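Below is one structure, written out as structure tokens, with a few remarks after it.
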Amino acid sequence: MTHRPMHSDELPNLAWHETRTPRHSLGYRVSHTVLSVVSLIVVGVLSFVGTMAAATLSDVNTTVSKQKVHVIAQDGKDDDENTLVDPYANTAIDILLIGQDTREGAGNTAIGGDAQDTQNLHNSDTTMIMQIAADRKTINLVSLPRDLMVDTPSCQTSNGEIPAQYTVQFNSIFANAYAQGGDVASAASCTLNAVNSMSGMDIKNFMVIDFGGLVKMVDAIGGVDICVPVDMVDSYTGLDLKRGLVHMDGTTATQYARTRHATGTDGSDTMRTTRQQYLIKKIISTALSKNFFTQTSQLYQLAKAALESVQMSTGLADTATLVGLAMSLQNFDTTHLYSQTIPIEPWIQNPNRSQLAEGAEAVWQKLRNHQPLVEQQTSDAAASGNSTGDTNNTTDSTGSSDSTDSSNTSADDGSTYDANTGVITQADGMLIDKETGGTIDPETGAIRDSITGQYIGLANRYIEVTYCSA
């Protein structure tokens, strides 16, 4: 990406708009962190389905109605911004997930602190694109680093327009739009507008949640078991975790997702993102393990916690829509939730910031074409070190296989593939993640892009087998 100062007579060089007409974004009034949103969709409403009493329906309808938000159209068009999502339409569903770092409310203050200089801040702490496949068999989850330097188009807020800009830090879009518009609707609309511009997608729905929402979600399912590969101590958050399997309550899990300065980490936002992706998967798998018949009360509390912790666009804020989406995902296999960070590299003007790398366009293309991030391939190709593996030979975090092949395989070049961990060990000992082709740090399990060296994910199956005997 080439960056230069913007002159008054020109707009940013938004390459995607050279070949496609501009997209309009939807605006939403939102609150409450991205890490519980997937569970809301896949699990929270599913549990509601299992408790479909009349009183429950009325209660949930009231909750959903309160979370319905107004849209701010970016190009003056109102033709489809209020159209309900149809979960049975055999089309992919794209949702932008935004985790808001705010100190408003007791729950957020308890997690983030109550320093006076942060009381009026509304920052975008985490942003992910979630794409649910048309056949509801796969989910893509792509993280966007908050320090990514981007060009952004003009954006309409509740209090006037923000002009198009060059080379702004991605998370500043949310904060600046909130400052001008005075509401989260403005902040979320401008963020969605920028994501559509850089990706070439046409995302129309999103959800925003904050610290307090994640705490409620995790506590509602009785906590989550997280494999910690190295000791983590952080004086900023009070986190003190020992290596091994750790059962985390909502507060601990949220601090685990937030920490940047703990021992065993490098202080980067991109490494923190790998833990957030891992936590999402654990929330989903834990919630899906609940029994609808024997744990109805707990599941109902989960549904209520989820629905109360997120405000959503008009296209999603409908009880029938949420129930329909949940039912269409009731047999979802969490091993087919694929996550990664968009490929980045150090920004040419400041190595402490990032810019999109060459590989980003391949990810955007998969999302635009509604393809899984992980391609289908044979296990022989995976064993030879190919960057994309056969997802039919994967195992989940508990070690159970979704195919009959769970043995190790070897290739002529001396590399071996372990189906239990999803890791290819090359002849020189280097560990390669089968799904992404990235290199794995054997100590932390963090996956780096094989070309840029930037973090793109966490090899959770590898660390759980290696450090937690899963």
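Close amide H contacts of residue 353 (hydrogens built in the peptide plane, cut-off under 5 Å, sequence separation of 5 or more or a different chain): 347.
For residue 328, neighbours were defined as the other residues whose beta-carbon sits under 11 Å from its Cβ, and their charges (Lys and Arg +1, Asp and Glu -1) total 0. Distant-in-sequence amide contacts of residue 454, defined by a placed amide H-H separation under 5 Å and a gap of 5 or more residues or a different chain, comprise 449.
Using bins of 10 Å that start at zero, the share of Cα-Cα pairs per bin across the stretch 410-468 amounts to 26, 56, 17, 0, in whole %.
Is the stretch 93-369 best put as rounded, prolate or oblate by its Cα gyration tensor, with a ≥ b ≥ c the root eigenvalues, rounded for a/c under 1.5, and otherwise prolate when a/b is larger than b/c, oblate when not? Note, shape of the stretch 93-369 comes out rounded. Distant-in-sequence amide contacts of residue 375, defined by a placed amide H-H separation under 5 Å and a gap of 5 or more residues or a different chain, comprise 389. Packing, taken as the mean count of other beta carbons within 10 Å per residue, orders the peptides 272-283, 238-249 from highest to lowest as 272-283, 238-249. Inter-label distance, residue 371 to residue 451: 1.4 nm, where each label sits 7 Å from its Cα along the C-beta direction. Across the stretch 170-184, coupling constants 3J(HN,Hα) worked out from phi with the 6.51/-1.76/1.60 Karplus curve, θ = phi - 60°, read 3, 6, 6, 4, 5, 5, 5, 5, 5, 4, 7, x, x, 8, 6 Hz, and Gly and Pro carry x. Per-residue packing, averaged as other Cβ atoms within 10 Å, sorts the ranges 157-163, 319-325, 307-313 into the order 307-313, 319-325, 157-163, beginning with the highest. Cβ under 10 Å from residue 418's Cβ, residue 418 left aside: what net charge do those residues give with Lys, Arg +1 and Asp, Glu -1? Around residue 418, the charge tally is +2.
The 3J(HN,Hα) values that the Karplus relation (6.51, -1.76, 1.60; θ = phi - 60°) gives for the stretch 456-470 are, in residue order, 10, x, 10, 7, 5, 5, 5, 5, 5, 6, 6, 10, 10, 6, 6 Hz. Gly and Pro appear as x.
3J(HN,Hα) couplings calculated from phi for the stretch 224-239 with the Karplus curve 6.51 cos²θ - 1.76 cosθ + 1.60 (θ = phi - 60°) are, in sequence order, 10, 9, 10, 8, 9, x, 9, 4, 10, 10, 9, 6, 5, 9, x, 6 Hz; Gly and Pro show x.
Computed from the coordinates by the stated procedures, all read-outs in this text should not be read as laboratory data. In this text the structure is predicted, and so the values were computed from the model without any measurement. Every residue, glycine as well, gets a Cβ built from its backbone with ideal geometry; the counts of neighbours run over all protein chains shown.
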